[in-house]
1. Which of the residues spanning region 125-135 are in contact (Cβ under 8 Å) with a residue 24 or more places away in the chain and either among the acidic types (Asp, Glu) or over 17 Å from Lys9 (Cα atoms) (or both)?
2. Anything in region 3-35 that is in contact with a His (Cβ under 9 Å, 6 or more places away or on another chain) and not hydrophobic (A, V, I, L, M, F, W, C)? List them, or say none.
3. What are the residue pairs meeting all of these: first residue in region 110-124, first residue more than 17 Å from Glu76 (Cβ to Cβ) and more than 11 Å from ligand 2 (Cβ to nearest atom), second residue aromatic (Phe, Trp, Tyr) and open to solvent by 10 Å² or more (accessible area, probe 1.4 Å), Cβ atoms under 8 Å, and 6 or more apart or on different chains?
4. From the residues in region 125-148 that are in contact with a Ser or Thr (Cβ under 9 Å, 6 or more places away or on another chain) and part of a loop (DSSP other than H, G, I, E, B), which one is surrounded by the most Cβ atoms within 10 Å (Cβ to Cβ)?
5. Report, ordered by the first and then the second residue, all pairs with beta carbons closer than 7 Å, sequence separation of six or more or different chains, a first member in region 31-54 that is among the acidic types (Asp, Glu), and a second member that is open to solvent by less than 90 Å² (accessible area, probe 1.4 Å).
6. Identify, please: which residue in region 93-109 is closer than 20 Å to Glu26 by Cα and either hydrophobic (A, V, I, L, M, F, W, C) or surrounded by 14 or more Cβ atoms within 10 Å (Cβ to Cβ) (or both) and is, among those, nearest to ligand 2 (Cβ to nearest atom)?
7. Condition check: out of contact with any Cys (no Cβ under 8 Å at 6 or more places or on another chain), of a type in the set (Gly, Ala, Ser) and surrounded by 12 or more Cβ atoms within 10 Å (Cβ to Cβ). Does Ser122 satisfy that?
8. Can you say whether Val70 is surrounded by 16 or more Cβ atoms within 10 Å (Cβ to Cβ) and more than 14 Å from ligand 2 (Cβ to nearest atom), as far as the supplied structure shows?
Amino acid sequence: MERTFLMIKPDGVQRNLIGEIVSRFEKKGFSLVGAKLMNVSEVVARQHYAEHSERPFFGELVDFITSGPVFAMVWEGDQVITTARQMMGKTNPVEAAPGTIRGDFAVFTGKNIIHGSDSPESAVREIGLFFQPNELVSYERTLAAWIV
Ligand code: RTP
Ligand code: MG
């Protein structure tokens with residue numbers, strides 16, 4: 001069972017898209033094992049996007065991700081890293097297919113609503129950066145017991 005780090009960026013929070021986005025991953029069949037609304041410090045933002053530190057847009061990226069609250073999440077499921085990236089769509093919303101989160105809700109690369117880990121190594125690193133182990137809750141589905 002795989003885990004990934006997903007984060008609704010400040011534009012997604014401002015636009016009231018938390019519920020819509022969480023709902024897509026729930027309906028897909030993945031399990032939410034951790035989530036919190038939080039402000040990202042500049043130190044954490046720089047660490048999170050360290051791979052882009054030499055790119056010309058790095059300063060803007062850090063400013064944006066620290067500009068307001070984000071909704072940080074850890075999701076669990078079979079192949080969740082790759083599948084979540086597919087559900088998010090391409091980085092540039094112009095290229096993101098309709099039906100994807102960025103394809104449906106975003107217009108600009110710099111305001112593309114959601115982040116998702118791009119590999120198992122990134123997922124481990126990013127989960128560790130944003131969550132303490134005791135903030136993650138794994139559980140068995142006991143749906144029938146709650147319905148009847
Ligand atoms: P993310 O890390 O946020 O999930 O996005 P991603 O993997 O699809 O794209 P990545 O290449 O990792 O870029 C990280 C974020 O940087 C901004 N960006 N701006 N102006 C530009 O050319 C440019 N390229 C990337 C985007 O907000 C992108 O999500
Ligand atoms: Mg990335």
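1. Those that are in contact (Cβ under 8 Å) with a residue 24 or more places away in the chain and either among the acidic types (Asp, Glu) or over 17 Å from Lys9 (Cα atoms) (or both): Glu126, Glu135.
2. If we filter region 3-35 for residues that are in contact with a His (Cβ under 9 Å, 6 or more places away or on another chain), which is where we start, we get 5-9.
Scanning region 3-35 gives a single hit, Lys9.
3. So the pair list comes out as Gly110/Phe57; Gly110/Phe64; Lys111/Phe64; Ile113/Phe105.
4. Ser138
5. Going by the 7 Å Cβ cut-off, the qualifying pairs are Glu42/Val62; Glu42/Thr66.
6. The initial filter retains those residues of region 93-109 that are closer than 20 Å to Glu26 by Cα, namely 98-105.
Restricting the remaining residues to those that are either hydrophobic (A, V, I, L, M, F, W, C) or surrounded by 14 or more Cβ atoms within 10 Å (Cβ to Cβ) (or both) gives 100-105.
On the way: Thr100: 15, Ile101: 14, Arg102: 12, Gly103: 17, Asp104: 19, Phe105: 18 Å.
Only one residue fits best here, namely Arg102.
7. Criteria met by Ser122.
8. When the stated conditions are applied, Val70 passes them.
The values are calculated or read from the model by the stated rules, or taken from the named source; none is laboratory data. Just so it is clear, the model here is predicted, and its values are computed rather than measured. Positions of Cβ are backbone-derived with ideal geometry, glycine not excepted, and every protein chain shown enters the neighbour counts. Remember, those area values only see protein heavy atoms, side chains included, never the ligands or the DNA or RNA. Shrake-Rupley method; radii C 1.70, N 1.55, O 1.52, S 1.80 Å.
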